[in-house]
Every structure is written in C-alpha cells, then in structure tokens.
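The structure appears right after this line, and notes come after that.
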Amino acid sequence: MRYYQRRWLFAVMLLFSSMSIAADNVIVRYLPTNDIKLQLITKKLQSDSSIQDAISLMNDEFIFPKPLTIVFGSDDGPLYDPVVNDILIPYIFLDEVDQRFKAVNYAGDNQGKANPENLGQAVMDVVIHTLFHELAHALIATYELPIVGKEEDAADNLAAVLSIEYFENGAEIAISAADLFYLEGDEIVEFEEADFWDEHSLDLQRYYATLCYVYGSDDAQYAYLLEETGFSDERAELCIGDYERMTNNWLTLLDAYMSPEVDATTPAE
C-alpha cells in the first residue's frame, strides 16, 4: 500500500473565495459565495490537509488527456459532468452531511465518543469518498472503461479502494461514507418503485457493501464490524476475497492510465 499522509500540504494559503489551483491533470476551483456559513466551508476545504491530499492523489496518480476540473460551490451535484469534464461539489452538500451527523450525535469511531473533531473529519471523509466516486465516473467516461454491472456500484468500489490503499487509516474514510449511507437509508419510511430502478443501489446496500470491503481489507483490525453488520462467518470470508479481487481488478483496469513514476509500495513522505 502507498499512503498519502494527512499532512499540511500548503503551509501558507490565500483563502480567497474564488481561489483556483491548477495542476497537471486537475484544476480546482472554489466558487465565491455571499453566504457566511458557506464561506466558512470554503475556507475549510481550502485548508483541510486530507482534502488537499486527495486532490494531490488524483493529480499525481491519474492521467487525463484533458484537465479534470473540480468545482466546489456549484449549484448541482455532487456529480461528474462528462460534457465539460467537471466534478461538481456544492458547498451546501458539506453542510447537509454535517447536519445529518450532528442530528445523531455522530461519534466517528467505534468507541462511541462524539466530539467536534471526529465529526469534522467525518464530513471531510465523505467529501474525499465522493471525490473518488466521481473520479471513477470521469475515468470510465474518458477512457470508455468496460464496466460489468452498475456503474454507480463500480464508482463506490473505486472510492473504497483509493481510500483504503492510498491513505493511512483510509478505511476510516470508507467507514464515514458508509455511515452516511446508513443514515440516508434509515430515513426512508416506505420504498417507492423508483428506489428499486434507480441507477444507485439502495443506501443500505451501499452501507453494507462498503463495510464488507473495509472488513475484507483487514479482517483483524476491523473484526468489530462483524457484530455491527451482522455478517455471517460465510459472508465475512467472502468479504476478504471480494476486496482482494475488486482491488486487483480496478488497479489492473487503470494501470495504463496511472502515473508510473511512483512505486505504489513506498509510503509517501
């Protein structure tokens, strides 16, 4: 595994609301807003080390013939727009995630100890997972990658792989995203037909699938998830094989479109 440490990549940053950061493959734009609450979110995104690490990973590891633009503060999204090659992330999305977690006194770990730091990191974790999910759509569209099954499920899978394989404690990113899926699914009182023909799997299915991969990535460290999910011994064993197979499949599929410059077995400093 190669880890992107949660470090401060920018010692000094100009926190302008319309700031843009250009890179070889990725351009990041922060759209201006007059809303004071959203301005604070903008500054948090610009200064958060884990978000900047995720953007660095996207730029360092993946090759795009046309720069991919991440637009924070868009009206639509989160989504990938293939027409303009943009990933759109509204500021309000972060506020909504924050409110969902606060509503249940979210702990952010398996110790049940809720605190603002845990909650704030959980929100950033969800943003990272979302960026990687939309990155998957961008790669699939750009290179016409063959995907068997639902593309949305495949995008979730790559988000889990990148989080776990490229970040120290990256499984916690996937767990935070899974917990959001659970909260969203738990709000549904009665299913409608659209829930079953939607391009996304049901939120609770995404929750269990993501935690299955987390467990499969390290069955000793994340053994506690078996009690939390209720996985049978047989399903737990399958999770280990599923994660190994999914990781190998995605990294093999993307090998031609990833930078060969860095040894993936060497931790980043």
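The values are calculated or read from the model by the stated rules, or taken from the named source; none is laboratory data. Just so we're clear, the structure is a prediction, and the values are computed from it rather than from any experiment. With ideal geometry, Cβ positions are generated from the backbone for all residues, glycine too; neighbour counts draw on all protein chains shown.
Taking helices (runs of 4 or more DSSP H) as the structural unit, no element lying wholly within the range 143-217 holds at least 3 residues that are modelled with pLDDT under 95, of a type outside the set (A, V, I, L, M) and touching a Leu at 6+ places or on another chain (Cβ under 6 Å).
So is Asp125 touching a residue at least 40 places away in the same chain (Cβ under 8 Å), touching an Asp or Glu at 6+ places or on another chain (Cβ under 7 Å), surrounded by 23 or more Cβ atoms within 10 Å (Cβ to Cβ) and closer than 15 Å to Val214 by Cβ or not? So Asp125 passes the test.
Among the residues making up the range 62-91, those that are among the aliphatic types (A, V, I, L, M) and touching a residue at least 60 places away in the same chain (Cβ under 8 Å) are Ile63, Leu68, Ile70. When residues in the range 198-236 are screened for being buried (at least 18 other Cβ atoms within 10 Å of the Cβ) and among the acidic types (Asp, Glu), 1 of them pass.
Selection of first residues in the range 171-184 that are within 15 Å of Asp98 (Cα to Cα) and of second residues that are of a type in the set (Lys, Arg), restricted to Cβ pairs under 7 Å at least 6 apart or on distinct chains, gives the following pairs, ordered by first then second residue: Leu180/Arg100; Phe181/Arg206; Leu183/Arg100. For Glu168, indicate whether it is in contact with a strand residue (DSSP E or B) (Cβ under 6 Å, 6 or more places away or on another chain) and not polar (S, T, N, Q). The answer is no for Glu168.
Tally up the residues in the range 140-151 that are buried (at least 19 other Cβ atoms within 10 Å of the Cβ) and either aromatic (Phe, Trp, Tyr) or within 15 Å of the chain's Cα centre (by Cα) (or both), please. Residues in the range 140-151 being buried (at least 19 other Cβ atoms within 10 Å of the Cβ) and either aromatic (Phe, Trp, Tyr) or within 15 Å of the chain's Cα centre (by Cα) (or both): 0 in total.
As a summary of the residue check, Cys239 satisfies the conditions (1) surrounded by fewer than 16 Cβ atoms within 10 Å (Cβ to Cβ); (2) modelled with pLDDT of 95 or more; (3) within 17 Å of Ala159 (Cβ to Cβ) except for the one numbered (1).
The set of residues in the range 126-142 that are among the polar types (S, T, N, Q) and either in a loop (DSSP other than H, G, I, E, B) or more than 21 Å from Gln52 (Cβ to Cβ) (or both) contains only Thr142.
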